[in-house]
Amino acid sequence: MKSLFFFIGLTGLFTLNAQNASLQGYVNRLNAVADYKADVNVKASIPSISIPVTNAKVYFKKPTKFKVVSNSIVILPKQGMSDLNAFFTNPKKYTQVPGEIKMLNGVRTQLITLLPSEESSEIILAKLYVGTAEPLLYKAIITTKSSGNFTIDYTYSDAKKFALPSRMVFTIDVKKFKMPKSVASNIRSTGPTKPVNQEQKGTITITFSNYLINKGISDSFFTKN
């Protein structure tokens, strides 16, 4: 079955000034990735909706080629995510503001806030928590016009020298987050649908394994169905 997917690109370019050395180090690691493929396990927990755990393979090639291969429907967050990647790659679209130092799960991080310079920007605000001892992005809090607020928590393992996560946990506002119609039509409810209020949160957990990095992937692979 042809997979349906919505994904945040994991790589991008940032233009930084010298005072934000930790974020620059994170970007340097990402820029070392020419291509990769990995296995992913996707688990979604959305109130009142039953979504099966799915497995897939993901493929990336610089600068923006991305493909998911699976025998079932794969739900990966899109709302604001592709916009977020495009936002990051264009330094003219935002201003950086360094902020507080905060401990996250025992890791010392620095907050770097990105403020859009255009009123038409889909992204209203992006808060990034980047490690000060090791340049990795550990948390992102994003505010968008169409999908409200969502948070991404990152965990790293064997591929951390390339800043590629072993796990990403998306926390979404169920009422504001827009589930694509093409995907929603394939999701079976476990019972009567309950009204969704502003307090309900959902999570989508993506676990990555078996990374193969910089082994080469042909451009033609991304055009195949």
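The values are calculated or read from the model by the stated rules, or taken from the named source; none is laboratory data. Computed from a predicted model, the values in this text were never measured in an experiment. Cβ atoms come from the backbone with ideal geometry, glycine included; neighbour counts cover every protein chain shown.
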- prompt: How many residues are part of a strand (DSSP E or B), out of contact with any helix residue (DSSP H, G or I) (no Cβ under 9 Å at 6 or more places or on another chain) and modelled with pLDDT of 85 or more when one looks only at the range 37-75?
  reply: 17
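Name the single residue, out of those in the range 108-133 being outside any strand (DSSP E or B) and of a type in the set (Ser, Thr, Tyr), that is surrounded by the most Cβ atoms within 10 Å (Cβ to Cβ).
Of the range 108-133, the ones outside any strand (DSSP E or B) are 117-122, 132-133.
Checking the rest, the ones that are also of a type in the set (Ser, Thr, Tyr) come to 117, 120-121, 132.
On the way: SER117: 12, SER120: 6, SER121: 16, THR132: 13.
My answer is SER121.
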